[in-house]
Amino acid sequence: KGVIYKLDPTDGTILHTIQAPSDCPRGLAFDGKSLWSIDNCSDEIVQFDPSDGTTIRSFPSPAHDPQGIAWDGKYLWVCDRAMNELYMVDPQSGCVIIITDSPGPFPLGLGFDGKNLWNGDYQLKKIYKLKVRDGELFRRTNEMVSKVTYTHLATNFGPGKVKTLDIHFAVGSPRDNQEIVKETKYLPAVTDFKTDKWGQKTAHWHVENIAAGQKNEVQATTVIKTWDVRYFIYPEQCGSLDDIPGEIRGVLLADNDKYNLNNPVIQSAVKKIVGNEKNPYWIARKIYNYLIDNMYYEMVGGWNTAPTVLERGNGSCSEYTFVYIALCRAAGLPARYVGSVAQRGEKSAMDDVFHRWAEVYLPGFGWIPVDPSGGDEALPRGQADSFGALSNRFFITTQSSGGSETLQWNYNSNTFWTTEPQTYIVTEYFADWEPGESN
């Protein structure tokens, strides 16, 4: 292990010597009582006693190549060379609260002067003075323009006819992560547009008398501009649950059959997870952390209610979302869901899986994305990347509390039909992505 020296800054006299608490310490920070270091070999943040080096506690570093640590009076800051990022870390839980890019390509060492962070960069041989807070709510990067074509096919396999077919496509709208570049083109022309009780607009087609063996196809093509979005949320600025507007609390704390808020499983879990916590950010984050620790992703088919999924311990993105919303609402924190089509790795790609996640309302910040299934990662940085952040590969079409008269519990699209006896109808829906032009 290394050695840590306490020096007199006036002449360099060694005043005290202790063994470092780990094998590969990178940087030191002092919180007024304890010392903190970050270990590059074990990838741990270590709090220890400055008098004799006794470890008080440790927790995982945000990522795999930590190179510096600082204390700003409330939070720890860590830099990581491999990720080229800086992290604001809660000293109690080890949660990464804020992720931001480092100013250079090889961050090495951090310090805090009482107002600003200082970061050295090994590759550029520069030292950067950084604002800890600049008032930005979020930052958009990695702009991408895409043409997204959503297709719905309904095939009548007979033997009778389909008497009526009603198809609803969710209409996407501008959000922090996306803009609509060109007005959506619908083929064939829509019958009309509907707006459900949650304010979600849908394009609606009504078709009658589809004979056996016939296929009905409708499409919507939208040119969109999307960004990676990262929100900068400081828990102490989130106020209290009492600061949430009444019109939001009244609607988005409501119960229904998917959430089942009064079920003993939900109530017991909320008491265990939230306890006496009053801060809206930490209510949302503790529930998020609990699902990461106690559930795993698995598409088992169908959608079960929140209590069933929580007891089972696994579920799809939709089921994770229902559980998260139920726990938040049971704790008094408004929550809803959004649904999207997703680009699957290539600029030209097809998506027939789609994705859904939650949004919570944090006073002072508004609606914040939370993806509990996406955050099921081992490292704190990976977990934080799905709390208050979005990728540019998502086109959000749907915003809802559930149980819509048009989309029901679906997102992106929904279908209703009536048929003659014993008639078999099959529906398919998928989205094609390809590079788009902004002009």
query = Rounded to the nearest whole Å², what accessible area per residue is found for segment 250-364 with the 1.4 Å probe?
reply = 39
query = If contacts are Cα pairs under 8 angstrom and at least 6 residues apart, what is the relative contact order of the chain in percent?
reply = 17
ask   = So, counting K/R as plus one and D/E as minus one, what does the shell of residues with Cβ under 9 Å around Ser58 add up to?
value = -1
ask   = Among Val338, Val360, Val251, whose mean-square fluctuation peaks in a Gaussian network model of the chain (Cα, cutoff 10 Å)?
value = Val251
task = At 7 Å along the Cα-to-beta-carbon direction for both Arg139 and Asp352, put a label point, then send me their distance in nm to one decimal.
result = 4.0
remark   = Rounded to 0.05, the calculated FRET efficiency for the beta carbons of Asn262 and Met299 at R₀ = 25 Å is 0.35
Helix axis angle, 264-274 relative to the chain longest principal axis, alpha carbon, degrees = 30
task = Would you kindly enumerate the cysteines in the chain that have no other Cys beta-carbon under 4.7 Å from their beta-carbon?
result = Cys79, Cys95, Cys238, Cys317, Cys328
request  = Post the alpha-carbon centroid distance, segment 307-346 to segment 172-237, in whole angstrom.
outcome  = 21
query = Between Asn116 and Thr308, what is the spin-label point distance in nm, taking each point 7 Å from the Cα along the Cα→C-beta axis?
reply = 5.8
ask   = So for segment 1-100, Kirkwood radius off the Cα pairs, Stokes-Einstein at 4 °C and 1.567 mPa s: how many µm² s⁻¹?
value = 95
message = If you fit an axis through the alpha-carbon atoms of helix 280-294 and take the longest principal axis of the Cα set of the chain, what angle between them do you get, 0 to 90°, nearest 10?
response = 80
ask   = When the accessible area of the chain is computed with all protein chains present and a 1.4 Å probe, what percentage of it is carbon and sulfur?
value = 48
Local electrostatic count at Pro103 - Lys and Arg +1, Asp and Glu -1, tallied over other residues with Cβ under 15 Å = +1
remark   = At 20 °C in a medium of viscosity 1.002 mPa s, segment 38-88 has a Stokes-Einstein diffusion coefficient, with Rh taken as the Kirkwood radius over alpha carbon pairs, in µm² per second, of 188
inquiry  = Using the crude model of +1 on Lys and Arg Cβ and -1 on Asp and Glu Cβ, and no other charge, please compute the dipole size for the chain relative to its Cα centre, in debye to 20.
reply    = 440
query = Pick from Ile97, Ile69, Ile14: which is most flexible by mean-square fluctuation in a GNM of the chain where alpha carbon atoms under 10 Å apart are linked?
reply = Ile14
note = Between the residues Ser391, Tyr288, Pro363, the Cα farthest towards the positive end of the dipole of segment 276-394, that dipole coming from +1 and -1 charges on the beta-carbon of Lys, Arg, Asp and Glu, is from Pro363
note = Kirkwood radius from Cα pairs of segment 89-145 plugged into Stokes-Einstein at 37 °C, 0.692 mPa s, gives D in µm²/s equal to 245
CD proxy at 222 nm, helix term only [per DSSP H run n ≥ 4: -39500 (n - 2.57); per residue of the chain; nearest 500] = -4000 deg cm²/dmol
ask   = Which one of Trp71, Trp417, Trp227 has the biggest mean-square fluctuation once the chain is modelled by GNM with Cα springs under 10 Å?
value = Trp417
task = Rounded to whole Å and ordered largest first, report the semi-axes of the equivalent ellipsoid of the chain derived from its Cα gyration tensor (root of 5λ).
result = 49, 24, 18
Two-site label geometry, Ala211 and Ser51: point separation in nm, points 7 Å out along Cα→Cβ = 9.3
Nearest-ten-degree value, helix 317-330 long axis tilted from longest Cα axis of the chain = 70
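The values are calculated or read from the model by the stated rules, or taken from the named source; none is laboratory data. All figures in this text were calculated on a predicted structure; none of them were measured in a lab. Please note: Cβ atoms are built from the backbone with ideal geometry, for glycine as well, and neighbour counts cover all protein chains shown. SASA here: full protein model, heavy atoms, side chains in, ligands and nucleic acids out. Shrake-Rupley method; radii C 1.70, N 1.55, O 1.52, S 1.80 Å.
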